[in-house]
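Data block below; observations after.
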Amino acid sequence: MPGFEKVRKNLEAHGFDVTCFDTAAEAADYLDRRLDGKTVGHGGSITLKELGLLERLQSHAVVRSHWLGDSFADAAAAPVYLTSVNALAETGELINIDGTGNRVASTIFGHEEVYFIVGINKLAPDYDAAPVAGPQRGLPKTPGGWAKDSLRRPGDKCYDCKSPERICRALVVLWERPTGIGRAEVVLVNEPLGY
């Protein structure tokens with residue numbers, strides 16, 4: 001698929017499986033089929049919400065999520081974990097920043113399968129160009145970066161703001177598929193998803 005050749009090659013060289021889709025609807029259909037009958041956890045993802053995937057899965061899979069009243073530990077105990085990333089470098093690095101740590105922990109250890117669903121808007125030429133900022137949550141008391149004015153701009157980075165409402169507390173960069181997880185697949189979508 002145009003635009004994904006370089007990142008696909010680099011991700012595969014780093015031990016990740018990669019699938020590419022033109023549309024979010026195609027990616028959602030693919031994941032809906034792949035995850036039939038499985039127990040799936042997630043730690044909160046606007047990308048998944050935009051895909052409408054969680055609602056679809058609830059009809060034929062077990063979904064564990066704090067968004068559905070489960071604990072973070074329930075999602076972490078699921079054999080399959082769904083997440084996105086804050087940024088993906090074409091050189092193959094997956095970059096995630098987190099406040100609680102549940103999402104980043106689950107990308108490193110404990111699951112039989114991990115799926116990273118990534119929209120084209122998260123793609124950067126390399127690690128240094130990747131916009132590493134916490135998810136936009138409209139936190140007016142967060143003084144730093146783009147959360148202050150609720151806008152995310154290319155190249156924005158979190159910095160050590162010391163706010164008690166800070167959501168940028170842990171940064172994980174995956175250079176290779178961690179040996180603490182089983183199969184890891186990056187699902188690339190040629191449409192913007194999440195932020």
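Could you list, in sequence order, the residues of segment 95-130 that are over 19 Å from Tyr81 (Cα atoms) and open to solvent by less than 20 Å² (accessible area, probe 1.4 Å)? Reasoning before the result, please.
From segment 95-130, those over 19 Å from Tyr81 (Cα atoms) are 120-130; that's our starting set.
Once the filter is applied, which keeps residues that are over 19 Å from Tyr81 (Cα atoms) and open to solvent by less than 20 Å² (accessible area, probe 1.4 Å), segment 95-130 yields Lys122, Ala124, Ala130.
Do the conditions hold for Gly99, that is, is it out of contact with any Leu (no Cβ under 7 Å at 6 or more places or on another chain) and either over 20 Å from Asn121 (Cβ atoms) or among the charged types (D, E, K, R) (or both)?
Values: out of contact with any Leu (no Cβ under 7 Å at 6 or more places or on another chain): yes; either over 20 Å from Asn121 (Cβ atoms) or among the charged types (D, E, K, R) (or both): yes.
Yes: the conditions hold for Gly99.
Among the numbered criteria (1) at pLDDT below 95; (2) farther than 26 Å from Asp128 by Cβ; (3) among the charged types (D, E, K, R); (4) in contact with a helix residue (DSSP H, G or I) (Cβ under 6 Å, 6 or more places away or on another chain), which single criterion is violated by Asp98?
Against the list (1) at pLDDT below 95; (2) farther than 26 Å from Asp128 by Cβ; (3) among the charged types (D, E, K, R); (4) in contact with a helix residue (DSSP H, G or I) (Cβ under 6 Å, 6 or more places away or on another chain), Asp98 comes up short only on (2).
Just checking, how many residues over segment 76-86 are free of Cβ contacts under 8 Å to residues at least 40 places away in the same chain and not in a loop (DSSP other than H, G, I, E, B)?
Number satisfying all stated conditions: 1.
Which number in (1) small (Gly, Ala, Ser); (2) modelled with pLDDT of 80 or more; (3) in a loop (DSSP other than H, G, I, E, B) marks the one condition that Ala184 misses?
The failed condition is (3).
I'd like to check something: does segment 72-93 contain any residue that is more than 20 Å from Gly180 (Cα to Cα) and surrounded by fewer than 18 Cβ atoms within 10 Å (Cβ to Cβ)? Outline the logic, then answer.
Restricting attention to segment 72-93, the residues satisfying the condition of being more than 20 Å from Gly180 (Cα to Cα) are 86-91.
Filter once more, so that each one left must be surrounded by fewer than 18 Cβ atoms within 10 Å (Cβ to Cβ): none.
No; the residues of segment 72-93 include none that is more than 20 Å from Gly180 (Cα to Cα) and surrounded by fewer than 18 Cβ atoms within 10 Å (Cβ to Cβ).
Which members of segment 156-181 meet the condition of being surrounded by 13 or more Cβ atoms within 10 Å (Cβ to Cβ) and modelled with pLDDT under 75?
Result: Asp156, Lys157, Cys158, Cys161, Ser163, Glu165, Arg166, Ile167.
What are the pairs with Cβ atoms under 8 angstrom where one residue, in segment 13-41, is among the polar types (S, T, N, Q) and the other, located anywhere, is open to solvent by 40 Å² or more (accessible area, probe 1.4 Å)? Sequence gap at least six, or different chains.
Qualifying pairs under 8 Å: Thr23/Asn190; Thr23/Glu191; Thr39/Val62; Thr39/Arg64; Thr39/Pro79.
Quick one: would you say Glu26 is open to solvent by 10 Å² or more (accessible area, probe 1.4 Å) and over 23 Å from His14 (Cα atoms)? Give the steps one after another, and end with the answer.
On the way: open to solvent by 10 Å² or more (accessible area, probe 1.4 Å): yes; over 23 Å from His14 (Cα atoms): yes.
Against the criterion (open to solvent by 10 Å² or more (accessible area, probe 1.4 Å) and over 23 Å from His14 (Cα atoms)), Glu26 qualifies.
Considering only segment 31-66, state which residues are of a type in the set (D, E, K, R) and surrounded by fewer than 17 Cβ atoms within 10 Å (Cβ to Cβ).
The first filter runs over segment 31-66 and keeps only residues of a type in the set (D, E, K, R), leaving 32-34, 36, 38, 49-50, 55-56, 64.
If the condition is that a residue be of a type in the set (D, E, K, R) and surrounded by fewer than 17 Cβ atoms within 10 Å (Cβ to Cβ), then Arg33, Arg34, Asp36, Lys38, Lys49, Glu55, Arg56 are the ones that fit.
The values are calculated or read from the model by the stated rules, or taken from the named source; none is laboratory data. All figures in this text were calculated on a predicted structure; none of them were measured in a lab. Cβ: placed from backbone, ideal geometry, glycine included. Neighbour counts: every protein chain shown. Surface accessibility is based on the protein's heavy atoms, side chains included, excluding ligands, DNA and RNA. Shrake-Rupley method; radii C 1.70, N 1.55, O 1.52, S 1.80 Å.
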